[in-house]
Structure formats: structure tokens, C-alpha cells
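The structure appears right after this line, and notes come after that.
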Amino acid sequence: MAALCSEFGDLVQIKKQLISVISLCKERGLVHSVKWASELAFALDPLPKNELPPPAIFTEEDCQDLDAFGLAKSYFDLKEYDRAAYFLRGCRSQKAYFLYMYSRYLSGEKKKDDETVDSLGPLEKGQVRNEALRELRVELSKKHSAGELDGFALYLYGVVLRKLDLLKEAVDVFVEATHALPLHWGAWLELCNLITNIEMLKALSLPDCWIKDFFMAHMYTELQMIKEALQKYQSLIEAGFSKSTYIISQIAVAYHNIRDIDQALALFNELREQDPFRIENMDTFSNLLYVRSMKPELSYLAHNLVEIDKYRVETCCVIGNYYSLRSQHEKAALYFQRALKLNPRCLGAWTLMGHEYMEMKNTSAAIQAYRHAIEVNKRDYRAWYGLGQTYEILKMPFYCLYYYRKAHQLRPNDSRMLVALGESYEKLSQQVEAKKCYWRAYSVGDVERMALLKLAKLHEQLNESDDAAQCYIIYIQDIFSCGEQLEHAEVSTALRYLGQYYFKNKHYDEASLCAQRCCDYNDAREEGKALLRQISQVRDQTETSSTDLFGPLSSNNTPVRRVSPLDLSSFTP
Amino acid sequence: MASVHESLYFNPMMTNGVVHANVFGIKDWVTPYKISVLALLYEMTTSKPIALQERRRLNKLILPLQQGPDLTLGQFLKTVGECFLHSITLALLKDMEYFFATLPTPFRAIDSEAYKTSVVGLFMRHMLLAYNKLSFSQVYKLYKALQQYYHSQFAQPGVSPVGIPGLAADNTDMDLTSTEDTMGERMEKDELDTTPLHESDLSRGPLSQKQAEYFLARQAYLLKNDENKALKPAALQDELNNMLKFNPDFAEAHYLSYLNSMRVQDIFISTHSLLHYFDRLILSGSEGKSNGDEGYGRSLRYAALNLAALHCRFGHYQQADLALQEAIRIAQESNDHVCLQHCLSWLYTLEQMKGSDSSVLTEDSVKMAAHFCLPYLASLGIQSLVQQGAVQGKTAHELMDAMKETDILHWKHSLSELIDISLAQTTSIWRMYGKSTMAQQQAQLLLNMSSLEQVNFGVHQNNTEAFAVILCHLAELHAEQGLYGAVSEILKHLKDQFPPHTQHAKLWMLCDLKIQFDRAMNDGKYHLAEPHVTAIAALNKTEGLYRKALVLKALNRTTEAYSILQRLQLYCEKTKYTEMIIRVMLATAELHWESSGFATALPLLLQALSLARQHHLQALASETILHLAFTQLMLGVPDQALGVLHEAMEPVLAHGAVMDKGRALLLAARCQVTIAGAQPDCQRHAALSLAAQTLGEAAAYFSMLDCKERLRDVHYLQARLHHTLGQTAERNKCAMLFRLLDQELPAPGAAVAMRL
């Protein structure tokens, strides 16, 4: 950590580096890297005039190419890529060479997209390729082996390789690119997309630069190692990037991923204050608002985003969430569809649309949506879970097991899948498996606090009264300790059962305590009273010599000082 | 994040993520290859002077060319013959529009082969329609593709790119000319094409819907009927993955992938593909009523049923049971009797596989199936009943009657698959009863019968379980007759037809092992037999245990053998495996002999005999009688023994294995000798010479099997007999034979007299 601080100590130096890389990227048309670096630079204090970095040195070649480059860049900015490439073909400088190759690449991509629309047939659609890629690869690989590529060209080479599905080579080239030009965020981001597990990450040798910490934090988020990611981001904030909206949004997303809703909401609100016209990540924000059922806030957000830009995937998702929260599921589905039209690879929208169809009881459409989501990303646990739910609704508990199992595989520590699995097993009368699932759900931290209750009921059915009582006890403790009042009815059933259980086992003190607690709940009041009466009767019989004959109320005064497993005295329901 | 990133650099309107199936209802489209086919058809219809033979050949080619995947021009020319096309292709390259305009319109040409309803006409209409639908840029793209298609054939690396150019030069004045096609670029392209990257992609284009359907149908058919002719599992999976990558909504491909992974026993992929298929099917059927006969309610039921079948195949009986219950419940809820019947027939199959008695269920199933007019299920049920009946000892004529009735049903409804099964079952039943001739005849009947099913793709259906069963029976029958050459040939055929990873391979594996084991045991090479036991046990536990007991017995480890046999008998009595019970009893009796407990063996043998008779197991009954006779002989009642033996002699000689024949004759000779010993001298001579003759016959049988140990015994006895009879020459000959064998073999394990 000390090393980190010292590295970040010189924020001025970092700012200088950022400013120079911004101008470099700008010249080359790498707009997204420019955006990222600018955002970061904005978060740092402005430099005094004399500290400003000098403009990049002009080489002889640069001078020669100046006019051609200027012309080509203007064509490039107007998306006339072929034209730009044509005028750059004879240039010698590195900068011009990059722009030359980059325009050829983008031209290929553009043509590919255009062709997708009118390809010859549906089966050929997937076949449409960027024809320029292969030529680019040959040329770049020649230069690469000759060692003539600079950081930007290496990055482009990596992108070409990735597009050709040569992933291993792509990783190597991207690593090389980060060494050559560590400040180019695009290369890091590409690398991030190619790394699939932590071992792979550890095996890479990356340049030792302050930007590496940003990369590692981003990587940890992608690999769902949220704790490590949060730690990294925290240290970045402490190092002086506290104003960066990028970091705030990343932390918020991380909190969202571990379902720490309050933290995430707070951060998103802060983000909106700092950057009110931001659209990125707002769909995540709306998910959080949805989960908390915060209608007015969600509605405000939706209004705001529509004003900014209504043809953005994020906007459509937010509106979809808004309608969904208002139970207007048809409209919600419509907006998710629109989001998908804007970007068919938008994974979240497919899943959300599936949920909407589920609400509309249109199971087949829901299945279709979920299947699409899985197609886009096989690791989307929500889609698998949704498929499971669909089949559960269709009353096919065995069939849905497969889907729940898949979801569980992807999120081994998510109690919801485990509870769903348990329920399916219970329906199939596979009590042993069901018990295992519920218990595991409780052990990994039950979100909905239903697992124990279900486990207890299962034990009850199987006449395993000790186990059932134990589960009820933990359940009640759990419910009271979490502070919130969730389901009174279920607490009352637990208390009712425990009362009867203690009564049967002749622990009258505990039984009467439970019975009294029962009386706090409407649906169990009568039973509680009846039980108290029974207890007093029994006590009368056994302890006729006993002093008090006050009936039910007497047990109220009976001090319960024996070590009872159910110590509720500290909680007031 | 990935999605956001994807749009970082490029056009956010990119649509190559998800492809909607068949948005425009296009089933087929024009590709350069299709144009070549069109050109061929054009030539064939317009220019008449083609030799008749040549014409016939081409006519035969038309259909495969139309349906098959796209070929490169080189391949295409190789199949068609170089002579055609060259001129037409050149013309075509000059002006594609003109070519399509001059194509004989199927609507006009009434008398030609290209009339609108003919195969050719239909194809032409498809193509014309598809071509007319193309937008300008698509036409341009097609033209470019056509050019490349042509050049890739004629611009071989040997020919310099400048060489083609008769054409390239002409190109310039065409309406669809490419201006960028500069020399330098072409050089570069050539260079590119020599790099190994993406070579496979280059050679084959994507399949059109039609082609894909044809491909799937063909592969599925081959998988069902002759797996060896289908693509190798890995190659097929590659092909399917490829197809699914381009069109994930092509549900049938998922089903084929399920079948394919079943071939290699891959439960993960097969489950995945099956579920995926039904998820997709539910989509496509969603227009129908939600829960009615059609629509996706129906596919839900069958989805569950198929899942049950899958678990059944992998032997997960509990899972299968759960899935089946689910299917039954859904089917009941929606009153789908047909589905219920299918469920029921799976239910009894499952019960049977689990080893419990399911005849009541089966009977119900048959009745209901008959009621709902489902002949397939009904006769499947009857066959299953017959099988159970045979095991439970129903009388033979009842079974055969039932088989005959179902056969009539099969022929009436042309259920060729069931006919095969029925024949295989009859073979098995005859074999069980010990009538080897009848079994052989039935087996040959199936093998020589021409199937009812029409022959598609030039493949007869011959990789069903029925064929495997029959071939195994044939192998075993031949082995019994000592024709090991034939056996190895049959097994080789089985190995080719049912490769080891396939579903029915276990049948021949077991059969092969059994034959080898028996052979080793007969030759007295117990150390060779022993390793087979483990292999057999892996395939069939009961059989393995039994064989283990046999080996232990032969190695004189009596106690172990006895305990195993006891265990086995208990188990078999529980599962009602009568054949095995009898065999176990016989083995136990042999154990008793070794401790000279002939009297104790007797009740056991009688029990076995009554069991065998009760179940009409003639072969086993004869075997038991042999044992009985031997016991009696050892107990000193050779007259009785001979009398009993005569009862068994006829069936043994008629149907028995060569080994049994030899043993029976040897035993008979020994009885005769013993009886002769008690007779007055005058008769003794005749009796002894009779015995010597019997021994000679036995020796002949044993020598057929090359069973040296037994031959040695026989020669010894022969020598003794001839000695008694005073036939010195014969005696010396036999003695010499004995001596030769004795030197070759190790000292006898068990006393000669103590063995049957």
C-alpha cells in the first residue's frame, strides 16, 4: 500500500501524463480512450500554466505528412474511412500509419454492419465478416515481427487479432501494447475482455504504472471478486481520485453486484449530482430503485433520461423498469424490445424482457427471451433462473431442476437458487435433497429468510420434531436480530409450533413463553391462549401444592431463568 | 459491460449479435454454386446433343446437386465433368442479368423438363424468385462472389494472376464492374489465401435453410439406420455447432446434437441439447392453443417424456422415474391419451429395467393401446409381455401364438422395425428353449429378409438392437459347433457395425467374452479364463459372478466357489432368473461330486430338472440329465444311468453343442463299460465293443473342438477297452495317442473319473 501511495503521490505528474495522452489519442481518433482519460484528468486539480506539458515533438516525417494527415483526419471524423485511407497510403510517420490502418479497419467494420442488413439470407448473417481484417493482420504481423509498431499500432493489431478469434495471440499483443504505451486505456480494456479467470490474470506480466491499479480494480469487478475490487477503488480514492465519476460509478456497480443496495443507491445519487447528464450505468441504478420499489425516484430518473436522449439502451431499460414497477408489463416489454433493437447484445434487456413476459403469463415468449439471453452470455445466471421459474410455473418441477442447477453452478453462494432447488425437490418428494438445499441456503446467507422456515416445515412433516424446533428457534432469532419485521404470520407459526413442542416435552416455562408471544399475533392469539390454559391446567395437576393459582396470567410472572434456547427477552416484536 | 464495450468503437446499430430465424421467410437463396447448377440445368435443357448415357448420369446427379451443400467449382466440375459449363460460365461472368433473363421460364416451357411442377422447374423457380428479390447491392455482392468463385478455380497458384485476364480485361466494359480490383490488391489476396488461417471457412459457405434441413434429415436417418455411414461424432458436432452459430434458432440441429452426443454417451451435452431443443420447439409452436392437443402444451409433455427416456438410457432410474411421473401428470391434466400411452410403455420398460415385475402394467398398456388404436405401442407391449412370459415359464405355444398374432399386426401396419424385433425375440426364445436349429433358422430369416422400409440414402436399416441380438446369437451358436472361424468373422462384422462406443456394443462385447471364456475353460486354460471374468462382470454382474464361481471351481478353490454360488442362487431366486438358477444348481452339484457327495447332489439335480422342464428349457434339462446320469453312475446304478441318459441323448445330439455331444457319448460309453463288467462273458464282448464305438464317436466330437484334455481321457479309456478286447493294434494306436497328449499336457487336475 505504501508503494501505491508513493506512486500516486505525484498527482501533478499523473495529470501531465493524462493531458499528453489525451492529445495523442485525440489525434488518432480514439474517442473512448480520450473520454476516459479526460474524465480522470478532470477529477484532478488543474495545473498552473508553467506546468503544462509541451506539445508532442514534431519529427521530420510528421512534418512531411502534416497536410495529408490533416486532410485524412477530417475525412476520418466525417466517417469517410476509405477516403481517409486513400490519402494516407503514402505517409511515413507512425501517427499517419496508425490512422491509415485504423481507417481501413473501421471501413471494414462499417461495411460489415451495413451488409448485415441486406445479406443474402438469414443463415448467412453470422457469416458476414470484416473482409479487411485478414489483410490488416498480414501487414501488421509483418511490421510487428520487424518491431516497427508503436503502442497504438500494437493496440490495433491486438484488436484485429481478437476479431479474428486469435485470442491467445491477441492477449500477448495487448500486453505488449500496454508496455509500449501504458497510458492508453483502450488497450487495458481490451485486455480485460480477454481475461477469463484469476490465474490467467496472475500469469500476465504488466507494466508497473499507476494505471495498472485501475485495470486491476476493473478486472476484479469483472471477475466478481468484489471485495478486492472495492479495496482497490478505495485506495485509488484515497490517493486523490476522489472526484472521479468513473471510480464512483464503478464502486456503485460493484456494490450492486454484491447486492449492497443502500451503499449502491447512495453512490448513484452522488454520481447523479456530480454528473447529472450521465446515461451510462443508469440502467443499473434503475435496477436498484426497482428492487427497493422507489417509484417516484425511478419515475424522476426516467423523465430525466428521456430528456437527455431517448434512443439509448440505458434509457429504454430504465423506462422498462419503470413500467414494470407500475405493473404495466406490456409497455415494459415494449421498451425492452426497443433497447434490444438498439443493441441486440444487450444482455440485461433480454433477461428483463423475460421477466416481463413471465409477469404477463406468456411463458413461451419468456422462454424465448431467456434463451436469447443465454445465447448472448452463457453465464447469465438470471436467465437460467428465469427459465427454471418458467418451468416451475408450468408445474414441471423435475424439468426445472436442470435450470436451477445451472443457475446454482454459476452462483454457488446465492441462496435464491438453493431455495428454488429445495422447493423443486420438495415437490418431487425428495426430502433428503430438499433439506440439504435449504440448509445450504441458510449457510450461505439467506437473502429472503425463507430457507430455515421451509426447512423447519420439512422437518415437521417428517416428524423430526427436534430438528424442526431447532430450525424454528434459529429462524426466530434470525428474524428478530435483523431488526426488520418481515412476515409476522410466519413468526407466529414458528412460535405456535415451538409452544406445542415444549409443551409436549414438558418444558412448561418455555412453552408458556412461546404461547405468550403467540398472543402478540392476531392469527395465533386464540391458540396461544388455549395453550396457556392447557399449561396452567397441567401445572395445577402436577404442582397442586404450588402457590399460585392465578390461571393464565400467573405464568407471566414465572421467571424464566433456566437456560432457554429461545431468549427473546431482549427483542420487542 | 461487454455490450457497452462492443459498441465503444463501432457503429452502435450493429446487429450481428442475435440472428432472428428466417425473418423474411426465405428458405433458399442464390449463391455462386447454385448459379453453376442453374447453368448446368440450362445446358441440359437447351443443348440437346448429349449422349444418352451421359444424360442419364447427369439426370441422376441433379437431385443430390440441388440438395447438397455448396461445392467449390473444382469439386463441382469433377462431379459433373469438365466438358460443360466452361462456355456458359464465361458468358455468365460477362452478363449475369442476361443469364437470368434467358433462363427458360418454367411457366412457359410446358414440354421441357423444366416445367413448373417438376423438380428442376421448382428449383429454377426458387432461384428466379430469390434472384428477383435481391436488392442492387445484393446483386453486386452476388456477382463479386461469383467472380471469386470462378477465379478460385481457374486462378491456381501455378497460373499467374495476370493470366486470367482474358476475363479481367473484358470485365471493364460490364455494367457490374469493380473499379477497385487493382493488380496490387489481387496479389495481396493471393498471398492471403495461402495463409492457413480460416481455410475451412473459405472452402464451404453457409448452408441455406433447405440445405440445412436436408443435411439434418440425412444425418438423422443415418444415425438411426446405419451409424457408420453418418459423420463421425466429432465432425458432426462441429458441423452442428457451425450451423447453430449462424442460426441459433434452428431447433432441429439441437435435437441432432442430442442424438449425436447420445452416441458417445455424453450426458451433459445431450441433456443440454435436448432441453434446448424443446425450449426452441415451444417457441415455434407457440401460436397454437396453449394447452390443447397441438401447441406448446403438447411439446411440454413430450419434453418431459424425452427427458425420462434420456435418463433411462443412461441408467439413472430414479431421475427417469421422476421425469416420467411429471410427464404422466401433465399428460393427465390435459387428457392426452396418446402421450399417456407412451408414458405407460416407458413406465413398464423402466420397471423392467429396474428388475421388478411389471407384467400387470404391461397388460394394461397393451389393452389401452389397442383401445386407442396405437398398434405400435400395443405390439411393443405384447413383445414385452412375451419376453416376461418366457422368463416366467409360460407355455411355449402361448408365447408363439402371441408372437404370431403380433406379427400379423406388424405386417398389416408395415411396422418393419417391430418385425425385426419380433424375429430377434423368436430367435432368443428358441435359443432359450435349447432348439438351436430353430433359432438359427429365425436368425437367418431376419438377416436375409429385405426390409419393408424404403431405402433412403442407399442405406438399409441394419444397426438396430434386433440385428445385434441376432448376430450375437449366431456367433454363440457357431461357437457351440466349434466353428470358431465363422465366429470371429461374425464378431468382426459386429465390431464394424456397432463400434464400441455405441449403444448396442455391450451385447457383442459380452458375447465375445463369453465365447472366449468358454473356449478357455474347455481347453483347461483356466489362467486364460480368469481375466475374462472381470470383463464379463463389468458388463453383466450375475454372469460375471457365475463365471467366477466356475473358474474357482476349476482351480479347486471349492469353499470360495461354494459361497459365491450360494449367494448367486439366492439373488437369482429373488430376481426369478430361472436359467441362471439351474446353472448354479448344476455347478453346485458338481462341487458336491468333488467331495464325493453324490447322494447330496441328487436332490439338487432333481430340483434343477423339474425347474428346467417346467420352463421348457430343453438344453438345460438335457444338461441336468447328463449330470443326473453321471451321479447315478457314480452311485453304482449304471443301468439306471444309461436309461436316464438315453432320454437326453436325442435332444443333445440334435441341438446340443459339440462339447455336450462328446460329453454325453463319453458318459454313455462309461455306463456301457460299467454295465458290461457285470454281464456274463459272452455278452460282455459285444457290449464292450459297443462302448469302444461310442468312445470313438465321442473322440471325434472332442477332436472337433481340439479339446485335448478330454481327448486324453478318451484315448486312455479306448486303450483300456481295446486291451480288454484283445485288439492289440488299436490298443497300441490309442495308447500312442494318449502318450502324445499326455506329454503335451500337464498332469491332470481332477481325477478323470470324477468329471462329467
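Taking label positions 7 Å along the Cα-Cβ direction at both B:Asn59 and B:Lys232, the computed distance is 3.9 nm, reported to one decimal. Report the calculated FRET efficiency for B:Val391 and A:Ser74 (r = Cβ-Cβ distance, R0 = 51 Å), to the nearest 0.05. For B:Val391 and A:Ser74, the calculated efficiency is 0.05. Computed from the C-beta positions of A:Ser443 and A:Lys361, the FRET efficiency with R₀ = 35 Å rounds to 0.50. Seen against the Cα atoms of chain A and their longest principal axis, helix A:11-28 is set at about 60 degrees.
Shape class for the range B:669-755, computed from the alpha carbon gyration tensor (a ≥ b ≥ c): prolate, with a/c not under 1.5 and a/b above b/c. Between B:Leu745 and A:Asp275, the simple label model (points 7 Å from Cα in the Cβ direction) yields a spacing of 9.4 nm.
Summary of the geometry: the range B:511-525 and the range A:323-359, compared by the centres of their Cα atoms, lie 68 Å apart. Rounded to the nearest Hz, the phi-derived 3J(HN,Hα) couplings of the range A:314-327 under the Karplus curve 6.51 cos²θ - 1.76 cosθ + 1.60 (θ = phi - 60°) are 4, 4, 4, 5, 4, 5, x, 4, 4, 5, 4, 5, 8, 6, where x marks glycine and proline. When the charge dipole of chain A is built from unit charges on Cβ atoms (+1 for Lys and Arg, -1 for Asp and Glu) and taken about the Cα centre, the candidate among A:Leu531, A:Ile198, A:Cys400 whose Cα reaches farthest toward its positive end is A:Cys400.
Entry note, chain A: the mean residue ellipticity at 222 nm calculated from DSSP H runs of n ≥ 4, each adding -39500 (n - 2.57), is -22500 deg cm²/dmol after division by the residues and rounding to the nearest 500. Summed over all non-identical Cα pairs, the Kirkwood treatment of the range B:577-656 gives a radius of 12.4 Å. Among B:Ile581, B:Ala599, B:Asn556, which residue has its Cα furthest toward the positive end of the charge dipole of the range B:500-610, with +1 on Lys/Arg Cβ and -1 on Asp/Glu Cβ? In the range B:500-610, that residue is B:Ile581.
Only Lys, Arg, Asp and Glu carry charge here, each on its Cβ (+1 for the first two, -1 for the last two); on that basis the range B:464-580 has a dipole of about 420 debye about its Cα centre. Loop-resident chymotrypsin sites (Phe, Trp or Tyr not before Pro) (DSSP state other than H, G, I, E or B) in the range A:1-102 with no more than 10 further Cβ atoms inside 10 Å of their Cβ: A:Phe58.
In this simple spin-label model, placing a label point 7 Å from the Cα along the Cα-to-Cβ direction at both B:Leu528 and B:Gln640 gives a separation of 3.9 nm. Bridging of B:Lys144 to lysines at a Cα separation below 20 Å is possible for A:Lys110, A:Lys111, A:Lys112, A:Lys125, B:Lys34, B:Lys94, B:Lys133, B:Lys189, once same-chain residues fewer than 8 apart are set aside. Annotation: lysines with alpha-carbon distance below 18 angstrom to A:Lys295 (same-chain offsets under eight excluded): A:Lys331. Among A:Arg416, B:Arg56, the order by Cβ neighbours within 10 angstrom, fewest to most, reads B:Arg56, A:Arg416.
Fully extending the segment from A:Asn463 to A:Ala203, taken as 0.36 nm per residue of separation minus the present Cα-Cα distance, adds 88.2 nm. In chain A, the longest principal axis of the Cα atoms and the axis of helix A:60-77 are about 50 degrees apart.
Only the Cβ atoms of Lys and Arg (+1) and of Asp and Glu (-1) were treated as charged; on that basis the dipole of chain A about its Cα centre amounts to roughly 1040 debye. On full extension, the segment bounded by B:Ser356 and B:Phe136 gains 72.2 nm, given 0.36 nm per residue less the C-alpha separation. Within straight-line reach of B:Lys733, meaning a Cα separation under 30 Å, sit the following lysines at least 8 residues removed in sequence or on another chain: B:Lys525, B:Lys661, B:Lys708. For chain A, the longest principal axis of the alpha carbon atoms and the long axis of helix A:185-194 meet at an angle near 50°. Full extension of the segment from B:Glu398 to B:Glu560, taken as 0.36 nm per residue of separation minus the current Cα-Cα distance, would add 54.2 nm.
FYI, it's all coordinate maths here, none of it is from the lab. Not measured: the values here are computed from a predicted model. Cβ atoms come from the backbone with ideal geometry, glycine included; neighbour counts cover every protein chain shown.
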